[in-house]
1. Which FRET efficiency value, to the nearest 0.05, is calculated for V76 and S207 with the Förster distance at 35 angstrom and r the Cβ-Cβ distance?
2. What does the accessible area of Y221 come to, in Å² to the nearest 10, when a probe of 1.4 Å is used?
3. With every protein chain left in place, what is the accessible area of L29 in Å² (1.4 Å probe, nearest 10)?
4. Counting only protein chains, not ligands or nucleic acids, how are H242, H159 ordered by accessible area (probe 1.4 Å), most first?
5. Starting from the Cα gyration tensor of region 171-250, multiply each eigenvalue by 5, take the square root, and state the resulting semi-axes largest first in whole Å.
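The values are calculated or read from the model by the stated rules, or taken from the named source; none is laboratory data. Just so it is clear, the structure is predicted and the values come from calculations on it, not from any experiment. As a convention, Cβ positions derive from the backbone with ideal geometry for all residues, glycine included, and neighbour counts pool all protein chains shown. Note: areas computed on protein heavy atoms with side chains; ligands, DNA, RNA excluded. Shrake-Rupley method; radii C 1.70, N 1.55, O 1.52, S 1.80 Å.
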Amino acid sequence: MPQQPPAGTGPADHAPAFANPAPWDPTTLIPGFRLDPRPPIRMSRDEVVFRGRFHAETVTIKIRITDTAEARARFVHRVHVYAEFGPTPPPVVAGAYRWSDNDRFLILSGGPGTMLQTREEPDPALTSAHLRDVVAAAAQLSTWRPDREDAEIWQVDHHRMIDERRRAHTITDDTARRLHDLVDWCEPVRMFAHGSLTMHCVKQLPSGRLTFTGFDRAGMYLPGRDLATLYVTLPHDDHAGHRHILDRVIEVDALEPFAVNLFLAATPVDAPAGTTAAGRAAQWAAFWHARDVAHRLLRQFTTD
């Protein structure tokens, strides 16, 4: 592993031009680091993402470009998430933390491998073995606890999320009340999970092990969050896949929080740009199937 400079030193003293990261040259920050001269591989409202080299390793570099308290908080969250996988990794491989200044600059290992799914529509080349591996890894992530003492900052406010959906009229007042009751009943200690796991996030390494990409939204969730989001993304007629996920949920004893997260994950969202009409229809069918299952579970757990 490359030597890691101490956190808290570096780009904090070399503020970039936030409207345009080009004038800021981070290659002078730490020894052994070289930024790829090619254009950024991705830009968002708050961040720009480059490729580069850290010693002999191919790395991904995230640079925060929006100087607001909200953007800074999101960036610090991402740093904490990636750093958490360094000293005590979970049972699956994740993007490895290399170095950051905890404020504007984050270096992550690249890593070889093949994405299991690259299209918006389900890929017929995916096998049931792939799904079993992903579900098993999701179950492990949902029950793995980080060691950080400040892990409370990663908690997700399920009550707020429920109320937002009630105000948007995507769930009824009665459903919201039942979900609030179920969240209060669930174990209050939240566990680490990716939180947005789909087959598009899964890469298979040459060794055969799985790695998950894009841990930007990882955090402390009720158990079952990964499995709920994965359930929603499966085709509505993949009965074997749904059954397999439910079996793992029961195995890790997370059926009640799975019901909460399934309801939240099954709230309709806009389809990604470029999704075909068939893809949008399939997404809606998957949403309605998941909502139906979520309704049945919620009634089962909250009926007196």
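1. Numbers: r = 32 Å, r/R0 = 0.92.
Efficiency, from the Cβ-Cβ distance: 0.60.
2. 20
3. It works out to around 30 Å².
4. Numbers: H242 5, H159 55 Å².
Correct descending sequence by accessible area is H159, H242.
5. On the way: eigenvalues 137, 59, 28 Å².
Semi-axis lengths for region 171-250 are 26, 17, 12 Å.
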